[in-house]
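A.B. asks: Here you go, one structure.
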Amino acid sequence: MPAVPLSGWSCSHATARTRVGVGIALTELRRQNELRLAGRRPPPLKDFDILQPISAGIVAAITGFATSFALVIAGLQAVGATDDQAASGLLALCLAVGGISVVLTWLLRIPLSFAWSTPGAALLLAAGTGSTSFASAVGAFLVCALLIVLCGLWPSLANAITRIPKPLASAMLAGILFPICLAPIQASVELPLLGLPIVVTWLVLYRWAPRWAVPGAMAVAGVAIALSAGTDWLRSATIAPQLTFVAPAFDPAVVLSLGIPLFVVTMAGQNVPGVVVLSTFGYTTPTRVALIGSGAASGLGALFGGHVINLAAITAALMASPEAHPDRNKRWVASFTAGIVYLLLGLGAGVATALVAASPPIIITAVAGLAVLGALITSLTGALEDPSSRVAAIATFLVVASGIVVIGVGSAFWGLLVGAVVLVTLRRRVSA
């Protein structure tokens with residue numbers, strides 16, 4: 001993906017879109033009033049065809065939640081969260097995603113959709129060593145959120161992120177995802193009665209209904225876990241989850257190994273593709289508003305255990321495409337609906353966390369591995385696309401996938417650093 005300049009987008013786009021939306025609404029009201037004065041019955045709301053974007057928003061939200069909530073919970077627990085803190089974190093993410101989607105979509109009248117960072121959750125799962133305190137992880141989340149806000153306030157920083165060589169950024173993400181994608185294989189061998197049905201379900205659905213492959217695998221996993229665990233897990237489930245405040249602690253090593261990589265994968269792997277998806281369907285993203293809003297919402301959610309939210313990419317394609325509505329001016333309803341659904345899904349955070357806690361860790365990681373398999377394919381493809389940087393990309397991938405920890409700093413940071421050194425060294429040799 002070429003570097004996407006972010007400096008050209010500003011709040012003026014948001015103002016223009018808002019004025020257009022208000023203008024359309026006023027025009028429609030005048031037309032309806034003229035019809036009434038003429039003694040004619042106004043056409044029904046079918047003219048707006050609201051059911052199509054509503055259904056698209058519901059599908060997008062449920063798919064986004066079902067494919068990755070287990071990964072989010074497992075990732076938070078891997079960096080030290082208790083079950084209650086993980087449930088609070090999932091609830092905080094749902095509220096942040098839903099709240100900002102509803103508010104900005106209503107104001108801007110474009111299908112501006114948000115999601116939690118799935119690669120970021122994978123990073124938590126890969127980086128978690130059991131020794132990290134959750135307070136330090138929350139401190140890293142806050143640093144990441146602050147950097148995202150700064151990207152909105154200072155476009156030069158956002159442009160600097162987009163100029164990170166794509167092969168290195170892709171290789172870093174691939175290295176994070178690779179160990180997780182091995183889990184379905186390991187689960188099928190270690191716990192075949194649980195692991196194999198999950199993998200087979202995923203494969204069959206991926207053949208006939210790819211969008212429902214991971215939710216279907218998660219459903220099979222949930223049934224298998226519920227049957228094997230009996231009703232004990234329900235007793236520990238919190239029907240009404242509560243937000244639990246976590247006082248942050250700022251550990252430089254955790255910020256370097258968790259906060260900075262989380263920021264990089266969220267910006268390069270989520271926000272930039274999210275902008276590209278919207279532009280593909282003819283929308284100009286109010287990037288400054290989106291970054292400041294998502295960064296602020298991430299910071300607020302971090303205080304209650306959530307890691308980070310960002311512009312949606314995969315589900316955004318569903319809500320911004322003609323699948324949501326043939327008329328591009330009416331697709332914002334899909335994103336608005338998805339935001340409301342996320343707010344409602346947050347109510348199930350306690351039950352979801354209890355189910356994950358009752359499961360053998362390898363089973364949840366197996367479902368997570370299936371969920372991010374597509375991202376691994378995309379990342380590896382991007383990492384190896386340019387022959388001149390393949391050695392540097394492979395070096396980055398191997399260091400990150402190794403999971404090493406040096407002076408308390410995790411492998412994601414070191415992989416990016418090693419890849420940059422190799423890339424610069426080899427380019428100098430070629431130029432010489």
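A.B. asks: So for region 305-316 (the condition being out of contact with any Gly (no Cβ under 8 Å at 6 or more places or on another chain), in contact (Cβ under 8 Å) with a residue 40 or more places away in the chain and farther than 16 Å from THR67 by Cα), does at least one residue qualify?
C.D. replies: no
A.B. asks: Would you check which residues across region 326-335 are buried (at least 24 other Cβ atoms within 10 Å of the Cβ) and out of contact with any His (no Cβ under 8 Å at 6 or more places or on another chain) and list them?
C.D. replies: Answer for region 326-335, where residues must be buried (at least 24 other Cβ atoms within 10 Å of the Cβ) and out of contact with any His (no Cβ under 8 Å at 6 or more places or on another chain): TRP332, SER335.
A.B. asks: Another question about this same structure. For region 366-389, how many residues meet the condition of being β-branched (Val, Ile, Thr) and buried (at least 24 other Cβ atoms within 10 Å of the Cβ)?
C.D. replies: Going through region 366-389 one residue at a time, the tally reaches 2.
A.B. asks: Evaluate region 282-290: report whether one residue or more is part of a helix (DSSP H, G or I), hydrophobic (A, V, I, L, M, F, W, C) and either closer than 30 Å to ILE404 by Cα or modelled with pLDDT of 90 or more (or both).
C.D. replies: Yes, there is a match, as at least one residue in region 282-290 is part of a helix (DSSP H, G or I), hydrophobic (A, V, I, L, M, F, W, C) and either closer than 30 Å to ILE404 by Cα or modelled with pLDDT of 90 or more (or both).
A.B. asks: Looking at THR425, is it closer than 28 Å to PHE304 by Cβ and either touching a His at 6+ places or on another chain (Cβ under 8 Å) or hydroxyl-bearing (Ser, Thr, Tyr) (or both)?
C.D. replies: no
A.B. asks: Output yes when any residue across region 186-204 is aliphatic (A, V, I, L, M), at pLDDT 90 or above and buried (at least 23 other Cβ atoms within 10 Å of the Cβ), and no when none is.
C.D. replies: yes
A.B. asks: Kindly state which helices (runs of 4 or more DSSP H) lie completely within region 70-165 and contain at least 1 residues that are among the acidic types (Asp, Glu) and on the phi < 0 side of the Ramachandran plot.
C.D. replies: Hits in region 70-165: 83-108.
A.B. asks: Of the residues VAL264, VAL275, VAL246, which single one is over 25 Å from PRO167 (Cβ atoms), crowded, with 19+ Cβ neighbours inside 10 Å and either in contact with a helix residue (DSSP H, G or I) (Cβ under 8 Å, 6 or more places away or on another chain) or modelled with pLDDT under 95 (or both)?
C.D. replies: Unique residue meeting the criteria: VAL246.
A.B. asks: Which pairs do you get when a residue that is within 22 Å of ALA392 (Cβ to Cβ), found in region 154-172, comes within reach of a residue that is crowded, with 20+ Cβ neighbours inside 10 Å and among the hydroxyl-bearing types (Ser, Thr, Tyr), reach meaning Cβ atoms under 6 angstrom, with the pair 6+ apart or on two chains?
C.D. replies: Here the result reads PRO167/SER389; LEU168/THR396; SER170/SER379; ALA171/THR396; MET172/THR396, each pair linking region 154-172 to a residue that is crowded, with 20+ Cβ neighbours inside 10 Å and among the hydroxyl-bearing types (Ser, Thr, Tyr).
A.B. asks: Could you grab me the full set of residues in region 49-63 that are outside any helix (DSSP H, G or I) and not charged (D, E, K, R)?
C.D. replies: The answer is ILE50, and nothing else.
A.B. asks: Looking at (1) among the acidic types (Asp, Glu); (2) modelled with pLDDT under 85; (3) touching a helix residue (DSSP H, G or I) at 6+ places or on another chain (Cβ under 9 Å), which is the one condition that is false for GLU34?
C.D. replies: (3)
A.B. asks: Can you pull out the residues in region 189-204 that are touching a residue at least 40 places away in the same chain (Cβ under 8 Å) and part of a helix (DSSP H, G or I)?
C.D. replies: GLU190, LEU194, GLY195, ILE198, VAL199, TRP202 - these are the residues of region 189-204 that are touching a residue at least 40 places away in the same chain (Cβ under 8 Å) and part of a helix (DSSP H, G or I).
A.B. asks: PRO210 fails exactly one of the following numbered conditions: (1) farther than 24 Å from GLY120 by Cβ; (2) free of Cβ contacts under 8 Å to residues at least 40 places away in the same chain; (3) not charged (D, E, K, R). What is the number of that condition?
C.D. replies: (1)
The values are calculated or read from the model by the stated rules, or taken from the named source; none is laboratory data. Keep in mind it's a predicted model, so treat the numbers as computed, not measured. Quick reminder, even Gly has a Cβ in these numbers, built from the backbone with ideal geometry, and neighbours come from all protein chains shown.
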